[in-house]
Amino acid sequence: MASLLTLKGATPGQRLTLDGKDPVTLGRAQTCTMVLESPAVSRVHALIKSVNGKLFIEDGDGKAPSRNGTYVNNQAITAATPLKDNDRIKICEFLFTFHDQPVRPPLPAWAEGGEGEGNTDEDGEGTSTVEATLSRQSTNQLLEAQPAEKIAALLEISTYLARTLELDTLMPRIAESLFQLFKQADRCFLILRDPADAAKLIPKMIKTRRAGGETSARFSRTIVKVCLDSASAQLFDDASSAPQLALAQSVADFRIRSVMVAPLCSATDGKPFGVIQLDTQDRSKKFTQDDLKLLLGVANQGAVALENVQLHTSLVTQERSRRDMELAKQVQRSFLPQTLPKLPGYQFYAHYEPALVIGGDYYDFMPVDGRQVTLLGDVAGKGVSAALLMAKLSALARFCMLTEPEPAAAITKLNDELLLNDLLDKFVTLAAVVLDPAKHQVTVVNAGHVTPMIYRQFGGKLEDAIEAESCGLPLGVMPGYKYTSVQAELRPGDSLLLFTDGVTDAQNNQPKPTRFEMSGVYETVQQARPVPGEPITATQLGERLIKAVKQFSVGTNQYDDIALVCFGRVP
């Protein structure tokens, strides 16, 4: 009597008798004659029925086909197909054989084949579902069984890979070496995980033995995933019949037969970051266990070489970035004044320190019609983008201050120029001070900046140089905005102090960090006199404030760019 024998599935060895009287249904529904518990299986996936005394198998429930198809001898069926003795039926991950005569009991699990032996079916031929797994840790012992010429070839490959630090040179060389070692291989793939997304696979190298075949060659993501998930080498005697790959349409589409795949594992944590896959499209050319061992040896050497290349590339990129940033730092420094102004009866001090290699703070000095202009600005943010905008701001500010005699009109023009040229994607604060040394008078314009302050030598106190209601908006906030100016007198020993918020925002190294704030500025200035009653110069005032900020924030990374300018009358 005919029967259906389960080879792969939840109940290997189960035999279903087919008497031909009633149709036999196979599927996920509990009402089916044989229930196949898998979400990939349709509710009624296939049926077997008798027609004129002969058994036929049909995909689907007789009205509609199944989702993933039914295969007889690895061929998808589209109509009722007669069954012959020893036909193999595959439904997703389930595999059956049809018999028109009594069959022998299935082999026990221990006899189904190990790492070096394959399964055999009833007619003595090796089954196409043989598969082998090999962990990377056992490679050294397993390679001892390789022929001397293959060991020599592996050593030659290892020597070459150790000398190569160019990825574009390394990967084709790996493929050429593999084709020399494995004559049956038709295609070679080197596939890496995307560093930004581990689920994404990137084919870094595709090589085919047949010229021009690279354009149409495709790898199976299912096969690669099996290797990556297990972190072990895999051998499929016939990928089209392997139960693990039953749902992989690519295996059939790309005509993948015998296939080996070995992981490329990191030397630091042992986790796979890619795979090498070799396959053949000829059923008569098959890989062996010894081939798998040798491939794993090559993969281990290749993984080390690839990691060395990636490390070398990373170091080269870092060094190039370091040189670029150092050059950018030099260029930015060139925008800042190289010398301090020299005015009889006055003293100037300036300090600039970016939080990163380059920053967005800036200051400038320029003489205009017998007066001395001092500018100090702060571009929102830090780093490259802030530094580039600072460079443009510096040039435009000079232009506006030289073409507009009145400071308030010059800053108004600067605001309009920045908005007109669409240069601002972030705001800029700026303080402009024009000193008339003949009158000892300063004209102050504040565009949203930290309030400029005057240190009065008499009394040793700080006071705002411009009142809050006279402060304008930061540059780039409102087109056509009119800025106003305020005048103040500098008496002997008085100094004007300008700084960016990197001073007040400096943080200390405490479990709950606090900021330097304006209270720290006031306290530093009040304690700045070296000897009670003796005057303090602008240079001493600036140096004391910078020193206090550094002492406050010792042990922490600089929070923001710092720029400070202080000038005043000699006492």
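Things to note:
- Members of the range 459-509 found to be in a strand (DSSP E or B), farther than 25 Å from I562 by Cα and small (G, A, S), listed by number: A488
- A432 being at pLDDT below 95, more than 17 Å from Y346 (Cα to Cα), of a type in the set (A, V, I, L, M, F, W, C) and crowded, with 21+ Cβ neighbours inside 10 Å: no
- Some residue of the range 527-534 being touching a Ser or Thr at 6+ places or on another chain (Cβ under 8 Å), under 18 Å from Y455 (Cβ atoms) and surrounded by 13 or more Cβ atoms within 10 Å (Cβ to Cβ): no
- Search result, residues across the range 425-458 that are of a type in the set (D, E, K, R), over 51 Å from the mean Cα position of the chain (by Cα) and assigned to a loop (DSSP other than H, G, I, E, B): K439
- Residue ranges of strands (runs of 3 or more DSSP E) in the range 1-89 with at least 1 members free of Cβ contacts under 8 Å to residues at least 40 places away in the same chain: 15-18, 24-27, 46-51, 54-59
- Pair list, Cβ under 8 Å, 6 or more apart: the range 530-543 residue assigned to a helix (DSSP H, G or I), other residue modelled with pLDDT under 75 and open to solvent by less than 70 Å² (accessible area, probe 1.4 Å): Q540/A528; Q540/P530; L541/A528
- The range 60-69: number of residues that are surrounded by 15 or more Cβ atoms within 10 Å (Cβ to Cβ) and either closer than 22 Å to K21 by Cβ or at pLDDT below 90 (or both): 2
- Index of the failed condition, A162 passing every other in (1) at pLDDT below 85; (2) surrounded by 13 or more Cβ atoms within 10 Å (Cβ to Cβ): (2)
- Exactly one residue out of A355, A391 is more than 24 Å from T451 (Cβ to Cβ) and in contact (Cβ under 8 Å) with a residue 40 or more places away in the chain: that is A391.
- Just one residue in the set P23, P12 is under 30 Å from R283 (Cβ atoms), open to solvent by 80 Å² or more (accessible area, probe 1.4 Å) and touching a strand residue (DSSP E or B) at 6+ places or on another chain (Cβ under 6 Å); that residue is P12.
- Filtered residue count, the range 194-221, keeping only those that are touching a residue at least 40 places away in the same chain (Cβ under 8 Å) and open to solvent by 70 Å² or more (accessible area, probe 1.4 Å): 1
- Among residues of the range 35-48, those that are surrounded by fewer than 18 Cβ atoms within 10 Å (Cβ to Cβ), of a type outside the set (A, V, I, L, M) and closer than 17 Å to V24 by Cα, counted: 2
- Residues that are surrounded by 16 or more Cβ atoms within 10 Å (Cβ to Cβ) and either polar (S, T, N, Q) or within 42 Å of the chain's Cα centre (by Cα) (or both), drawn from the range 485-504: S485, S495, L498, F499, T500, D501, G502, V503, T504
- Among the residues of the range 528-571, the one identified as in contact with a helix residue (DSSP H, G or I) (Cβ under 8 Å, 6 or more places away or on another chain) and of a type in the set (S, T, N, Q) is Q558.
- Residue match in the range 296-308 (condition: surrounded by fewer than 22 Cβ atoms within 10 Å (Cβ to Cβ), assigned to a helix (DSSP H, G or I) and acidic (D, E)): yes
The values are calculated or read from the model by the stated rules, or taken from the named source; none is laboratory data. Computed from a prediction, not measured in an experiment: that's the story for all the values here. Cβ atoms come from the backbone with ideal geometry, glycine included; neighbour counts cover every protein chain shown. Accessible surface is based on the protein model in full, side chains and every heavy atom, while ligands, DNA and RNA are left aside. Shrake-Rupley method; radii C 1.70, N 1.55, O 1.52, S 1.80 Å.
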